[in-house]
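**Q** Please find one structure pasted underneath; my questions will follow.
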Amino acid sequence: MKKSVLVSILLALSLVACSSKPVKETAAPVVDKNVSAPMDDSAKTSGMNDSDSSMNPLKDPNNILSQRSVYFDFDKDEVKSEFRPLVEAHAKYLLAHADAKVILQGNTDDRGSSEYNLSLGQRRAVAVKKVLNLLGVQDKQIETVSYGKEKPVATGDDEASRGKNRRADIVYQGE
């Protein structure tokens with residue numbers, strides 16, 4: 001009897017000695033050394049002057065911020081250079097308005113399975129998010145979602161229609 005009690009106590013002590021507290025992991029900061037220096041004039045936005053608060057730059061049709069779609073090539077999820085000024089303008093706006101939040105909605109054309117297009121749409125939304133992140137926009141201001149081929153803006157079967165559906169839309173919350 002004493003022997004079994006002694007073995008139980010030793011076993012309990014060995015289990016207690018092996019326990020450990022969980023270690024909190026902290027994310028390492030990501031630094032992109034490929035980001036170019038300051039934005040050129042093409043990324044500047046009009047109407048962002050505090051003295052001109054009567055015009056919302058997001059709704060001004062003459063402002064680059066009124067453009068909300070980044071288009072992609074077929075079966076690709078890389079942000080093309082021609083859309084870099086557009087994404088930079090939105091990054092600049094988000095940096096200046098810390099309370100502003102966007103939803104990046106990834107879309108595809110009608111070719112491919114629903115599952116594949118949902119994945120591709122998500123990759124497109126995330127591609128735009130990565131560019132915004134590299135320009136300094138915080139994750140808390142960005143949400144991504146994929147609609148795959150479920151929200152086409154053009155319904156034709158021609159390449160022009162399909163090209164309009166291969167996009168990531170930038171939607172500001174509250175609009």
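The values are calculated or read from the model by the stated rules, or taken from the named source; none is laboratory data. What you are looking at is a predicted structure, and each value in this text was computed from that prediction instead of being measured. With ideal geometry, Cβ positions are generated from the backbone for all residues, glycine too; neighbour counts draw on all protein chains shown. Quick note on the areas: whole protein, heavy atoms, side chains included, nothing else; ligands and nucleic acids left out. Shrake-Rupley method; radii C 1.70, N 1.55, O 1.52, S 1.80 Å.
**Q** For region 71-143, which whole percent of the accessible surface, found with a 1.4 angstrom probe, sits on carbon and sulfur atoms?
**A** Details: 1770 of 3550 Å².
Answer for region 71-143 is 50 percent, counting heavy atoms of protein chains only.
**Q** If r is the Cβ-Cβ distance from Lys101 to Lys76 and R0 is 30 Å, what FRET efficiency results, to the nearest 0.05?
**A** Details: r = 27 Å, r/R0 = 0.89.
Computed FRET efficiency for Lys101 and Lys76: 0.65.
**Q** How much area per residue is accessible in region 76-175 when the probe is 1.4 Å and only protein heavy atoms are counted (Å²)?
**A** That works out to 50 Å² for each residue.
**Q** Could you work out how far the C-alpha centroid of region 99-175 sits from that of region 61-83, in angstrom?
**A** Cα centroid to Cα centroid, the span is 10 Å.
**Q** Above 18 Å lies some portion of the pair distances; for region 49-148, what is it as a whole percent of all C-alpha pairs?
**A** Values: 2433 of 4950 pairs.
Everything past 18 Å amounts to 49 percent.
**Q** So, one more: Cross-link list Lys140/Lys164; Lys76/Lys130; Lys80/Lys129; Lys76/Lys101; Lys92/Lys129: which exceed 20 angstrom alpha carbon to alpha carbon? Don't skip to the answer; put the middle values down first.
**A** Values: Lys140/Lys164 29 Å; Lys76/Lys130 15 Å; Lys80/Lys129 14 Å; Lys76/Lys101 26 Å; Lys92/Lys129 14 Å.
Check vs 20 Å cut-off fails for Lys140/Lys164; Lys76/Lys101.
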